[in-house]
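**Q** Pasting in a structure now, in structure tokens, and then I'll have a few things to ask.
The values are calculated or read from the model by the stated rules, or taken from the named source; none is laboratory data. The shown structure was predicted, so the numbers you read here are calculated from the model rather than taken from an experiment. For neighbour counting, all protein chains shown are included, and Cβ atoms are generated from backbone atoms with ideal geometry for every residue, glycine included.
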């Protein structure tokens, strides 16, 4: 569910019209809905009501400080994958005992910073990382709480570039090696083994992969217990999908997901930690763009817009689909034209939609790419010396620019001229 809707034929974010925002900030821009963020957190939390659980929002999905403040106000913790994301979470007011540090390439400096912050724990992804973390923690005279990320070798049946739980993926410790690594961790200085971690991928739209992975984690936990390990929490990752194609690809409801967790793991007495990102943020945001030109050819109808792959890379990187809504509503009976929505970037891969049947769009018309709140602005670049675009947060009948559009002077001044040119 989201809070973008037509009122009197004009697309609104909650109670604010999109043309009002466009007039204030120009296009393209990202627009986020506070009500949608709130609903998604509440629905997930209610699904696990009665179970000891902690929602750690995955900062990588959308790391705008206003979004993180919104999450913190809702009581979530945070899942971070870099020192930068950890600093963002702390700046947003998230207490360290609600922060989990994941990722395969944590540096020793990042480890030291996180240990000194006294975060809830690290999700360790290799023997080399475990040994480095032990050395850093013991060198500081402190202890790092850890869970080891166990790769259950389960196919999440999602896009290859966002699958993380198969044996050929770079993430986690192979299931066959994980028990031995837990035994090793128990004897290392500066390490306190407190949990188990798994995460099999993103945009998962079936429950069976979760069921299989959770069943393996159940067996794994029971074996750890027989070996004398005192495990208090199971981090079940994230990955629950969202409906990118409107009503045509509805993923399982969080209630159904929570039931699978309870059915497979509920009697173990463990605290559940979860790391949703896309599920909370995707449908809470849209990307608004203006049409520049239309370009019909013999084989294609191109609609050239002012947003580009540097603003939203998901379509060309992941073959991702985003529904497109004209900001001024068209009647259902309006003729449709199959068209590609392309940007100004000098790449054939610069498209935000391909072969989409839409009304014939006109120059200067506003359109909205739906479900763009996750992995949109966070993955943007300045390729072709294009400016990072504004992000706007709506709350009821109010809106605020939460990241302004950069200027060309700001962008160019990031480069420094060597002294031999002066």
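**Q** Please state which of the following conditions residue 355 fails to meet, knowing it meets all the rest: (1) outside the structural domain of residue 51 (by TED's automatic domain parsing); (2) surrounded by fewer than 22 Cβ atoms within 10 Å (Cβ to Cβ); (3) touching a residue at least 24 places away in the same chain (Cβ under 8 Å).
**A** Residue 355 satisfies all of (1) outside the structural domain of residue 51 (by TED's automatic domain parsing); (2) surrounded by fewer than 22 Cβ atoms within 10 Å (Cβ to Cβ); (3) touching a residue at least 24 places away in the same chain (Cβ under 8 Å) except (3).
**Q** Looking only at the stretch 194-213, decide whether some residue is under 27 Å from the mean Cα position of the chain (by Cα), in a loop (DSSP other than H, G, I, E, B) and on the phi > 0 side of the Ramachandran plot.
**A** yes
**Q** Return yes or no: is residue 286 farther than 20 Å from residue 371 by Cβ, part of a strand (DSSP E or B) and at pLDDT 95 or above?
**A** Spelling it out, it is not the case that residue 286 is farther than 20 Å from residue 371 by Cβ, part of a strand (DSSP E or B) and at pLDDT 95 or above.
**Q** Looking at the stretch 44-76, which of the residues that are under 14 Å from the mean Cα position of the chain (by Cα) and more than 19 Å from residue 403 (Cα to Cα) is surrounded by the most Cβ atoms within 10 Å (Cβ to Cβ)?
**A** Step by step, filter the stretch 44-76, then rank; the result is 57.
**Q** Just name the residue that is farthest from residue 39 (Cα to Cα) out of those in the stretch 294-314 that are in contact with a strand residue (DSSP E or B) (Cβ under 6 Å, 6 or more places away or on another chain) and buried (at least 19 other Cβ atoms within 10 Å of the Cβ).
**A** Top of the filtered list is 303.
**Q** Looking for whichever is farther than 25 Å from residue 71 by Cβ, touching a strand residue (DSSP E or B) at 6+ places or on another chain (Cβ under 9 Å) and modelled with pLDDT of 95 or more here; the options are 291, 273, 261. Which one fits?
**A** So the residue among 291, 273, 261 that is farther than 25 Å from residue 71 by Cβ, touching a strand residue (DSSP E or B) at 6+ places or on another chain (Cβ under 9 Å) and modelled with pLDDT of 95 or more is 291.
**Q** Let me ask something else about it. Scan the stretch 1-14 for residues that are at pLDDT 95 or above and either buried (at least 19 other Cβ atoms within 10 Å of the Cβ) or under 12 Å from residue 393 (Cα atoms) (or both) and report the count.
**A** Total meeting the criteria: 6.
**Q** Filter the stretch 24-43 for residues that are in a helix (DSSP H, G or I) and within 17 Å of the chain's Cα centre (by Cα) and give the result.
**A** Those that are in a helix (DSSP H, G or I) and within 17 Å of the chain's Cα centre (by Cα): 34, 36, 37, 38, 39, 40, 41.
**Q** In addition: For the stretch 311-355, how many residues are assigned to a loop (DSSP other than H, G, I, E, B) and within 23 Å of residue 385 (Cα to Cα)?
**A** Residues that pass the stated criteria total 11.
**Q** Looking at this structure, is residue 392 over 28 Å from residue 238 (Cβ atoms) and touching a strand residue (DSSP E or B) at 6+ places or on another chain (Cβ under 7 Å)?
**A** Considered against the rule, which asks whether it is over 28 Å from residue 238 (Cβ atoms) and touching a strand residue (DSSP E or B) at 6+ places or on another chain (Cβ under 7 Å), residue 392 comes out as no.
**Q** Every residue in the stretch 224-261 that is surrounded by 15 or more Cβ atoms within 10 Å (Cβ to Cβ) and outside any loop (DSSP other than H, G, I, E, B), please.
**A** Initial filter on the stretch 224-261 (surrounded by 15 or more Cβ atoms within 10 Å (Cβ to Cβ)): 224, 229, 231, 233-244, 251-252, 254, 257-261.
Within the stretch 224-261, 224, 233, 234, 235, 240, 254, 257, 258, 259, 260, 261 qualify.
**Q** Sticking with this one: Out of the residues in the stretch 84-119 that are out of contact with any helix residue (DSSP H, G or I) (no Cβ under 6 Å at 6 or more places or on another chain) and in contact (Cβ under 8 Å) with a residue 40 or more places away in the chain, which is farthest from residue 64 (Cα to Cα)?
**A** Across the stretch 84-119, the extreme among qualifying residues is 104.
**Q** Suppose we keep only residues that are touching a strand residue (DSSP E or B) at 6+ places or on another chain (Cβ under 7 Å) and modelled with pLDDT under 90 within the stretch 186-206. Which one would you say is nearest to residue 139 (Cα to Cα)?
**A** 201
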